[in-house]
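Quick note: the coordinates plus some simple rules give every number you see, no bench work behind them. Since we're looking at a predicted model, the values are computed, not measured. Heads up, the Cβs are rebuilt from the backbone with ideal geometry, glycines too, and the neighbour counts pull from every protein chain shown.
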Amino acid sequence: MTFTLDTVHAIVVVALASAKRFGYDPMFAVLYYLYARTFVGRWLHLNRLSAATKAQKGSHSKVKLHRYSGVTIKPIAILDDNYAYLIIDHNLKLGILVDPSEPRLVQEALKAEDINLAAILITHGHWDHSGGNTILHKLYPDIAIYGNSEDNVPNLTHFVKDGDSIKIGTLVFDVIGTPGHTLGHVMYTLNRKEQGEPSSVFSGDHLFLAGCGRIFEGNGAMMLKSLDRLLELDDKTLVWPGHEYATSNLKFAIAVEPSNKAIIEKLTWADSLRNNCESTCPSTIGEEKSYNPFLRSHIPEISKTLGCPEQTDYHNQNHRAEVVSLLRSKKNSFKAK
Ligand SMILES: [Zn+2]
């Protein structure tokens, strides 16, 4: 895309339409559109990658491999605090990458495991998740790249939507549409029910340990609906998020629900890991329900901390949407000490 007057006009019109739809600040809407939908975001991401390569920047966290029968999940710590994932199908010696936006580090992971890349799964269009696609597509032109066409995901070869199931090698991934952070955000659930093992959800920027993604392209009601989709998953489902935000999220969780002991215990645990730069993933859906304020919008204490009026029914959808919206905007300006 080149910047002609027509292009600038088109960007301003589209950005202002989304500002009006979701109540954004118009200047934020224009800047966000430039980042998310034009070459400006790609250019910024490529600069970030090149600076990381020059500095030979290593991973931000030490990770552990998680092995199940015939499958290994390897988190790959990339950029400043992102996680990509390598899922290995040992039966066919195939690898599937989730959100591999830093090609240098994901290639090292593929080489270390000595496996062939079979596919790439993208949760959403932000460059710190999809910005490796163009380079990886050039390196592996026959590899399928899955993602939702509603986001500006480069080099997609296969479009996915809510309710799809994808079979890659011997593994099956269920697609769950979770708009809110972006309109086209999806999660992928590695379904292990048949094997009698916990399934795994790759939650991108929808759900983090004790937190959820910033609402860039939706509103509180949309985000609440997407958060409720997580409650359909078994409590034992492992959660593999797109960022390492555990300690700052847990500190925010304590600030809005100070009497919750599950938060204090998890923060003590997370602090001890992060003091050694160890990764905190995965958590489980059951654990998240016990301390993640965004999955606890029905809790009266949280509502009270946010200054909401007393309710006769704290499970009311409109009230919970308001709580999610207030929680997220409070989190945007929260400074963890
Ligand atoms: Zn994002």
Open item on the list: Taking 0.36 nm per residue of sequence separation and subtracting the Cα-Cα distance, how much length would be gained by fully extending the chain between Thr268 and Asp25, in nm to one decimal?
Closed with: 83.7 nm
Task: the stretch 261-301 and the stretch 138-162: distance between their alpha carbon centers, rounded to Å - done: 32
Open item on the list: Can you tell me how the stretch 195-313 classifies by the Cα gyration tensor, rounded, prolate or oblate, using a/c under 1.5 as the rounded cut?
Closed with: oblate
- [ ] Compute the signed sum of charges (Lys and Arg +1, Asp and Glu -1) over the other residues within less than 12 Å, Cβ to Cβ, of Phe294.
- [x] +4
Open item on the list: Checking the a/c ratio against 1.5 first, then a/b against b/c, what shape does the Cα gyration tensor give for the stretch 48-104?
Closed with: prolate
Task: Residue pairs, from the table Lys57/Lys193; Lys74/Lys161; Lys138/Lys335, whose Cα atoms sit over 30 Å apart - done: Lys57/Lys193; Lys138/Lys335
Task: For the chain, built as a Gaussian network whose Cα springs stay under 10 Å, the top-fluctuating residue of Ile88, Ile135, Ile120 - done: Ile135
Open item on the list: Could you give the length gained by full extension between Ala112 and Arg229, i.e. 0.36 nm per residue of separation minus their alpha carbon distance, to one decimal place?
Closed with: 38.6 nm
Task: Computed E for Leu139/Arg67 - FRET, C-beta separation, R0 35 angstrom, nearest 0.05 - done: 0.80
Task: Helix-only [θ]222 nm of the chain, DSSP H runs n ≥ 4, -39500 (n - 2.57) each, per residue, nearest 500 - done: -12000 deg cm²/dmol
Task: Cβ-based net charge around Thr53, under 13 Å, with every Lys or Arg adding one and every Asp or Glu removing one - done: +2
Task: Residue-by-residue Karplus 3J(HN,Hα) for the stretch 247-258, coefficients 6.51, -1.76, 1.60, Hz, glycine and proline x - done: 5, 5, 5, 5, 5, 5, 4, 5, 4, 9, 9, x
Open item on the list: Connecting C-alpha atoms closer than 10 Å in a GNM of the chain, tell me which of Ala144, Ala109, Ala51 has the biggest fluctuation.
Closed with: Ala51
Task: the stretch 222-303: trypsin sites (Lys or Arg not before Pro) in DSSP loop, at most 14 other beta carbons within 10 Å - done: Lys236
Task: Local electrostatic count at Glu113 - Lys and Arg +1, Asp and Glu -1, tallied over other residues with Cβ under 15 Å - done: +2
TODO: Specify whether the C-alpha gyration tensor of the stretch 66-332 places it in the rounded, prolate or oblate class, a ≥ b ≥ c being the square roots of the eigenvalues: rounded for a/c under 1.5, otherwise prolate if a/b is larger than b/c and oblate if not.
DONE: prolate
Open item on the list: What FRET efficiency comes out for Lys93 versus Leu34 if R0 is 56 angstrom and r is the Cβ-Cβ distance? Round to the nearest 0.05.
Closed with: 0.85
Open item on the list: Just to be sure I understand: with springs between alpha-carbon atoms less than 10 Å apart, which residue in Glu150, Glu265, Glu102 has the highest mean-square fluctuation in the Gaussian network model of the chain?
Closed with: Glu265
